[in-house]
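Asker: Have a look at this one before I ask anything.
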Amino acid sequence: MKIAIINGPNLNLLGKRETDIYGTESFDQFFEKLKTKFTEAELVYFQSNIEGELVNAIQEYGFSMDGIILNPAAYTHTSVAIGDAVAAVKASVVEVHISNVHAREDFRKFSHVSGKCAGSIFGLGLKGYELAITWLLTNH
Ligand code: DQA
């Protein structure tokens, strides 16, 4: 099964950024572990700080992969274009947030993508990506 992980803005700074909220592990380190753990999946990883590049990646992987794990980061709360891209593609999309967006500022409680996704995981740290892969592998 082919799964793309797509991360939005500032997630390239994982491990350095607000470590009390997002932890001390970089996504590159974590992605190496994911590839070792889920050998039955073909995993690719894409990160961008640019909204249009995220839309392009959702469009591309949304028709060439079976599943997408999407953390649009701050664009979750602002981007109609990313929500529309999720609605447009064939792949199953799982929304993941590392932090518990419902326990933070009010503006983080709204998501343009949740209603277009198969499901959402938030507040479980990087483990959320593992749970999303497991769900895609067993329920797709
Ligand atoms: C985030 C939550 C967003 O509100 C925030 O803007 C992020 C990361 C998360 O993974 O917890 O950048 O998507």
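The values are calculated or read from the model by the stated rules, or taken from the named source; none is laboratory data. Bear in mind that the values here come from a model prediction, so they are computed numbers and not experimental data. Cβ atoms come from the backbone with ideal geometry, glycine included; neighbour counts cover every protein chain shown. For the accessible areas, the whole protein counts, side chains as well, though only heavy atoms, and no ligand, DNA or RNA atoms are used. Shrake-Rupley method; radii C 1.70, N 1.55, O 1.52, S 1.80 Å.
Asker: Using Cα pairs closer than 8 Å and at least 6 residues apart in sequence, work out the relative contact order for the chain, in percent.
Answerer: Numbers: 248 pairs, mean separation 36.0, N = 140.
Relative contact order comes out at 26 percent.
Asker: Shifting gears a bit: Would you mind getting the accessible area per residue of the chain, heavy atoms of the protein chains only, 1.4 Å probe, in Å²?
Answerer: Numbers: 6820 Å² over 140 residues.
On a per-residue basis, the chain sits at 49 Å².
Asker: A follow-up question, please. Taking the Cα centre of the chain as the origin and placing charges on Cβ (Lys, Arg +1; Asp, Glu -1), which of 5, 52, 129 is farthest toward the positive end of the dipole?
Answerer: So the residue furthest toward the plus end is 129.
Asker: Which entries in the list 16/116; 2/109; 90/127; 33/109; 16/109 go over 27 Å, if you measure between the two C-alpha atoms of each?
Answerer: 16/116; 2/109; 33/109
Asker: Something else now. Where q = 0.10, 0.11 Å⁻¹, what log10 of I(q)/I(0) comes from the Debye formula for the chain, counting one point per Cα?
Answerer: Reported log10 I(q)/I(0), two decimals: -0.28, -0.34.
Asker: To continue, here is another question. Pick from 94, 113, 80: which is most flexible by mean-square fluctuation in a GNM of the chain where alpha carbon atoms under 10 Å apart are linked?
Answerer: 80
Asker: Quick one: if you stick a label point 7 Å off each Cα along the C-beta vector at residue 114 and residue 81, how many nm between them?
Answerer: Using points 7 Å along Cα→Cβ, the separation is 2.4 nm.
Asker: Kindly provide the chymotrypsin sites (Phe, Trp or Tyr not before Pro) of region 35-118 that DSSP labels as loop, not H, G, I, E or B, and whose Cβ sees at most 11 other Cβ atoms within 10 Å. Before the final figure, lay out the partial values.
Answerer: Numbers: sites: 38, 45, 46, 61, 63, 75, 107, 110; in loops: 38, 110.
Answer in residue order: 110.
Asker: Label point 7 Å out from residue 127 along Cα-to-Cβ: which residues of region 60-79 have amide N under 15 Å?
Answerer: Within reach of a label on residue 127, which here means backbone N under 15 Å from a point 7 Å along Cα→Cβ, region 60-79 contributes nothing.
Asker: With all distinct Cα pairs included, what does the Kirkwood hydrodynamic radius of region 50-99 come out to in Å, to one decimal, could you say?
Answerer: Numbers: mean 1/r = 0.0926 Å⁻¹.
Hydrodynamic radius (Kirkwood, Cα pairs) of region 50-99 is 10.8 Å.
Asker: Round to the nearest 10 and report in Å² the accessible area of residue 97, as given by a 1.4 Å probe over the protein chains' heavy atoms.
Answerer: Roll a 1.4 Å probe over it and residue 97 shows about 10 Å².
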